[in-house]
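The values are calculated or read from the model by the stated rules, or taken from the named source; none is laboratory data. Bear in mind the structure is a predicted one, so any value in this text is a computation, not a measurement. Don't worry about glycine lacking a Cβ; one is built from the backbone with ideal geometry, like all the others, and counts go over all protein chains shown.
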Ligand SMILES: *Cc1c(COP(=O)(O)O)cnc(C)c1O
């Protein structure tokens with residue numbers, strides 16, 4: 001008997017047959033991080049619970065069932081938006097039965113765990129976890145010696161002078177869809193094994209370890225150089241490789257090396273002329289689809305050439321000299337530019353981001369298109385809202401086909417639905433508030449029993465006043481803390497913020513969460529400043545405005561927050577938020593956004609039908625891309641927020657106006673759930689992949705595509 005993976009043998013065979021077929025009619029999706037915590041989406045567990053399967057007399061099967069029901073739920077291999085997007089995308093590919101595999105890295109110490117201390121701000125430490133015990137993860141064993149894990153050799157960068165070969169085990173996470181009739185395998189390279197040289201192993205522990213430039217560059221190699229050996233070891237034949245950000249672009253160098261040796265013979269690749277290399281590069285480009293995710297400079301990899309003298313081989317350095325020149329810095333390689341160069345399709349992640357990317361890379365302007373991001377609607381819809389959507393025939397089949405949400409506009413005038421929506425919203429709000437109040441109690445205890453000084457002012461004041469209450473207007477903000485996201489924007493002038501609160505006696509609860517990269521000092525200062533504001537805000541508002549910070553932001557907290565608040569706040573400096581996805585998660589729950597006109601919100605705002613906008617909106621100038629503290633437009637954009645804030649509060653609290661608030665909620669379902677989901681996004685990508693698909697799948701994709709075109713200029 002073989003191992004049971006959660007799908008039938010038939011499904012297993014058919015998926016592998018597709019991925020390993022000689023025609024290469026599949027895609028391999030390459031990403032530095034993938035978010036897939038099981039406490040927000042776990043189809044196999046759901047299936048077991050739904051069918052009341054609690055165990056089995058078969059010893060092996062029972063162990064399997066127990067691990068799914070009670071095993072670890074976290075896979076801490078993501079840091080934020082990029083990884084969550086990758087996970088959501090793969091889930092939609094699985095739902096749409098599209099032949100896709102993915103390659104990423106396995107980080108045995110995760111990203112990092114966050115503790116927040118009132119005095120110290122963010123404190124971080126390694127997140128130890130055990131892939132061995134994590135359900136849905138399997139290590140690939142050696143066919144010839146099933147007792148042993150399969151060992152693959154990864155030549156660092158070039159194919160010759162292999163003095164720095166690394167070795168890896170392969171893990172597969174099965175991203176199984178809800179019908180358990182298709183899956184997308186996520187292949188993760190695990191370099192933390194004795195065969196791999198210590199310096200390479202050390203660089204593989206933490207996602208985005210930036211302790212040195214060399215470690216950072218090594219991580220990019222671990223991903224990029226590992227793709228082809230991993231695919232070959234498993235027999236995966238995908239003709240199309242999708243780079244989710246440029247982190248894995250070194251895969252292109254392996255392909256170039258391979259093609260050169262095919263064409264000119266094993267030993268002649270050093271003799272290839274520059275022109276020959278360029279020609280081969282153009283051939284390789286035909287296999288690559290690339291998505292760029294940010295205009296922010298820190299997101300564009302540049303490495304000192306000297307690092308590649310140490311890491312790469314002569315051949316690799318030669319190709320980098322041809323393809324990765326940096327226009328600004330002669331002593332650096334620019335990997336973003338290289339990724340821009342070597343692909344057949346470049347995608348930005350929203351319409352506005354397309355314009356910005358075209359400005360940043362004018363020489364590639366023609367081929368840059370937009371495919372606006374989305375979120376996996378099933379992952380991010382709360383239980384209460386799912387139950388609501390299940391109850392109305394207008395939204396029939398929403399789990400499989402989010403395009404049915406367009407019918408939500410027919411529910412605007414349905415009083416039953418409106419009441420039911422309010423109940424579901426209160427339920428979600430109560431769940432979030434229970435979590436927060438439990439946290440405050442726990443912090444109070446911690447404060448009394450340990451040296452830790454918890455991050456919330458509320459855990460230090462009189463107990464009666466200290467807690468949050470359900471039904472009170474709750475605003476949420478949670479994302480990575482980096483300066484351009486301006487987490488503290490609305491607190492720029494606390495007096496102005498609390499004015500409408502005091503004047504109308506409207507209580508407000510504000511919930512913050514998020515991590516700063518451990519090396520990002522200004523980001524960490526922002527967290528500290530949010531903690532420091534709490535006291536002032538509380539007193540200036542006469543106790544009406546309460547602000548808490550939830551440490552340890554992850555997918556679970558994200559889901560609790562996006563569903564449990566009454567408004568989702570987004571205040572980046574325009575146009576630096578290329579898309580943003582947490583606002584879409586709120587929309588999946590009918591929660592309106594209050595946002596700067598940046599990223600996806602330019603497309604999701606719909607003239608105010610779905611929420612509010614504020615802040616700078618004029619044309620993009622070159623200074624717009626600056627992250628200099630003096631150019632972050634704090635005063636302009638916060639003033640703009642204070643102007644709309646009274647109206648926002650009135651709509652929520654004034655009974656005569658409240659229906660307008662509920663209209664906005666419902667219009668989020670109609671206009672945003674239907675569009676900003678990864679099913680629609682995946683459909684646009686599938687078109688770009690040029691896959692040959694069965695007619696019934698093409699029909700599903702056409703239906704999703706018919707609702708939206710992220711790039712209206714695109715000739716279809
Ligand atoms: C969705 C999500 C993000 C990304 O949110 P943005 O709005 O794109 O910044 C980051 N972290 C977690 C845990 C998330 O769930």
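Taking into account only those residues within the range 586-606 that are under 20 Å from residue 647 (Cα atoms), touching a helix residue (DSSP H, G or I) at 6+ places or on another chain (Cβ under 9 Å) and part of a loop (DSSP other than H, G, I, E, B), which is nearest to the ligand (Cβ to nearest atom)?
For the range 586-606, the residue satisfying everything is 591.
Within the bounds of the range 190-201, is there any residue that is under 20 Å from the mean Cα position of the chain (by Cα) and more than 23 Å from residue 332 (Cα to Cα)?
no
What's the number of the condition residue 649 fails, among (1) under 30 Å from residue 86 (Cα atoms); (2) at pLDDT 95 or above?
(1)
Is there a residue in the range 478-495 that is assigned to a strand (DSSP E or B) and either modelled with pLDDT of 95 or more or away from the ligand (no atom under 16 Å from the Cβ) (or both)?
Within the range 478-495, one or more residues are assigned to a strand (DSSP E or B) and either modelled with pLDDT of 95 or more or away from the ligand (no atom under 16 Å from the Cβ) (or both).
When the range 692-705 is examined, which residues are found to be touching a residue at least 40 places away in the same chain (Cβ under 8 Å) and either touching a helix residue (DSSP H, G or I) at 6+ places or on another chain (Cβ under 9 Å) or in a helix (DSSP H, G or I) (or both)?
Step one: filter the range 692-705 for residues touching a residue at least 40 places away in the same chain (Cβ under 8 Å), giving 692-693, 697, 700-701, 703-704.
Scanning the range 692-705 gives 693, 697, 700, 701, 703, 704.
Of the residues in the range 501-529, how many are within 16 Å of the ligand (Cβ to nearest atom) and in a helix (DSSP H, G or I)?
3
Quick check on residue 465: is it more than 16 Å from the ligand (Cβ to nearest atom), part of a helix (DSSP H, G or I) and without any contact (Cβ under 8 Å) to a residue 12 or more places away in the chain?
Against the criterion (more than 16 Å from the ligand (Cβ to nearest atom), part of a helix (DSSP H, G or I) and without any contact (Cβ under 8 Å) to a residue 12 or more places away in the chain), residue 465 does not qualify.
What's the total number of residues in the range 607-639 that are out of contact with any helix residue (DSSP H, G or I) (no Cβ under 7 Å at 6 or more places or on another chain) and surrounded by fewer than 17 Cβ atoms within 10 Å (Cβ to Cβ)?
Total meeting the criteria: 14.
Tally time: how many residues in the range 75-104 are away from the ligand (no atom under 16 Å from the Cβ), within 16 Å of residue 35 (Cβ to Cβ) and in a loop (DSSP other than H, G, I, E, B)?
Qualifying residue count for the region: 0.
Can you tell me how many residues in the range 365-383 are in contact (Cβ under 8 Å) with a residue 12 or more places away in the chain, more than 15 Å from the ligand (Cβ to nearest atom) and assigned to a helix (DSSP H, G or I)?
Residues in the range 365-383 being in contact (Cβ under 8 Å) with a residue 12 or more places away in the chain, more than 15 Å from the ligand (Cβ to nearest atom) and assigned to a helix (DSSP H, G or I): 1 in total.
Please name all residue pairs, on different chains or six or more residues apart, with Cβ atoms under 7 Å, provided the first residue is in the range 539-556 and is at positive phi and free of Cβ contacts under 8 Å to residues at least 12 places away in the same chain and the second residue is part of a loop (DSSP other than H, G, I, E, B) and more than 16 Å from the ligand (Cβ to nearest atom).
none
Answer yes if at least one residue in the range 425-436 is free of Cβ contacts under 8 Å to residues at least 40 places away in the same chain, at negative phi and either more than 29 Å from the chain's Cα centre (by Cα) or assigned to a helix (DSSP H, G or I) (or both), and no otherwise. Lay out the reasoning, then the answer.
Looking only at the range 425-436, we keep the residues that are free of Cβ contacts under 8 Å to residues at least 40 places away in the same chain, and these are 434.
Keeping just the survivors that are at negative phi gives 434.
Checking which are either more than 29 Å from the chain's Cα centre (by Cα) or assigned to a helix (DSSP H, G or I) (or both) leaves us with 434.
Yes - at least one qualifying residue is present in the range 425-436.
Could you check, for the range 33-46, whether at least one of its residues is more than 18 Å from the chain's Cα centre (by Cα), touching a residue at least 60 places away in the same chain (Cβ under 8 Å), part of a helix (DSSP H, G or I) and surrounded by fewer than 19 Cβ atoms within 10 Å (Cβ to Cβ)?
yes
Please identify the pairs in which a residue from the range 5-19 that is in contact (Cβ under 8 Å) with a residue 40 or more places away in the chain has its Cβ atom under 6 Å from the Cβ atom of a residue that is outside any helix (DSSP H, G or I) and surrounded by fewer than 19 Cβ atoms within 10 Å (Cβ to Cβ), counting only partners at least 6 apart or on another chain.
These pairs meet every condition: 7/180; 11/181.
One residue is enough: does the range 23-31 have a residue meeting the conditions within 16 Å of the ligand (Cβ to nearest atom) and either in contact with a strand residue (DSSP E or B) (Cβ under 9 Å, 6 or more places away or on another chain) or assigned to a helix (DSSP H, G or I) (or both)?
Yes, that holds for at least one residue.
May I ask you to verify whether residue 578 is assigned to a loop (DSSP other than H, G, I, E, B) and in contact with a helix residue (DSSP H, G or I) (Cβ under 8 Å, 6 or more places away or on another chain)? Give the steps one after another, and end with the answer.
Details: assigned to a loop (DSSP other than H, G, I, E, B): yes; in contact with a helix residue (DSSP H, G or I) (Cβ under 8 Å, 6 or more places away or on another chain): yes.
Spelling it out, residue 578 is indeed assigned to a loop (DSSP other than H, G, I, E, B) and in contact with a helix residue (DSSP H, G or I) (Cβ under 8 Å, 6 or more places away or on another chain).
Are any residues in the range 530-555 within 16 Å of the ligand (Cβ to nearest atom) and in a loop (DSSP other than H, G, I, E, B), and if so, which ones?
551, 552, 553, 554
Among the residues in the range 681-688, are any surrounded by fewer than 22 Cβ atoms within 10 Å (Cβ to Cβ), in contact (Cβ under 8 Å) with a residue 24 or more places away in the chain and closer than 23 Å to residue 594 by Cβ?
no
Just to confirm my filter: which strands (runs of 3 or more DSSP E) fall fully inside the range 285-364 and include at least 2 residues that are crowded, with 22+ Cβ neighbours inside 10 Å and in contact with a strand residue (DSSP E or B) (Cβ under 7 Å, 6 or more places away or on another chain)? Reasoning before the result, please.
Working: elements: 288-291, 302-304, 332-334, 345-348.
The qualifying strands (runs of 3 or more DSSP E) are 288-291, 332-334, 345-348.
Return the only residue of 107, 64 being surrounded by 23 or more Cβ atoms within 10 Å (Cβ to Cβ), out of contact with any strand residue (DSSP E or B) (no Cβ under 8 Å at 6 or more places or on another chain) and either modelled with pLDDT of 95 or more or in a helix (DSSP H, G or I) (or both).
Of the residues listed, the single one that is surrounded by 23 or more Cβ atoms within 10 Å (Cβ to Cβ), out of contact with any strand residue (DSSP E or B) (no Cβ under 8 Å at 6 or more places or on another chain) and either modelled with pLDDT of 95 or more or in a helix (DSSP H, G or I) (or both) is 107.
Go through the residues of the range 558-568 one by one and say whether even a single one is more than 10 Å from the ligand (Cβ to nearest atom) and within 24 Å of residue 123 (Cα to Cα).
The answer is yes; a qualifying residue exists.
Can we say residue 174 is outside any helix (DSSP H, G or I), out of contact with any helix residue (DSSP H, G or I) (no Cβ under 7 Å at 6 or more places or on another chain) and more than 22 Å from residue 303 (Cα to Cα)?
yes
Applying the selection to the range 67-78, what residues are farther than 14 Å from residue 556 by Cβ and surrounded by 22 or more Cβ atoms within 10 Å (Cβ to Cβ)? Step through it out loud before you land on a result.
Going through the range 67-78, the residues farther than 14 Å from residue 556 by Cβ turn out to be 67-71, 77.
The answer is 77, and nothing else.
Here is a check on your reading of the model: is residue 583 more than 9 Å from the ligand (Cβ to nearest atom) and surrounded by 24 or more Cβ atoms within 10 Å (Cβ to Cβ)?
Spelling it out, it is not the case that residue 583 is more than 9 Å from the ligand (Cβ to nearest atom) and surrounded by 24 or more Cβ atoms within 10 Å (Cβ to Cβ).
For residue 573, only one of the following conditions fails: (1) in a loop (DSSP other than H, G, I, E, B); (2) within 18 Å of residue 673 (Cα to Cα). What is its number?
So residue 573 meets the others, but not (2).
State yes or no: is residue 72 in contact with a helix residue (DSSP H, G or I) (Cβ under 8 Å, 6 or more places away or on another chain), away from the ligand (no atom under 16 Å from the Cβ) and touching a residue at least 24 places away in the same chain (Cβ under 8 Å)? Walk me through how you get there before you give the answer.
On the way: in contact with a helix residue (DSSP H, G or I) (Cβ under 8 Å, 6 or more places away or on another chain): yes; away from the ligand (no atom under 16 Å from the Cβ): yes; touching a residue at least 24 places away in the same chain (Cβ under 8 Å): yes.
Yes: the conditions hold for residue 72.
Could you grab me the full set of residues in the range 231-246 that are in a helix (DSSP H, G or I) and surrounded by fewer than 24 Cβ atoms within 10 Å (Cβ to Cβ)?
Listed by number, the residues that qualify are 231, 232, 233, 234.
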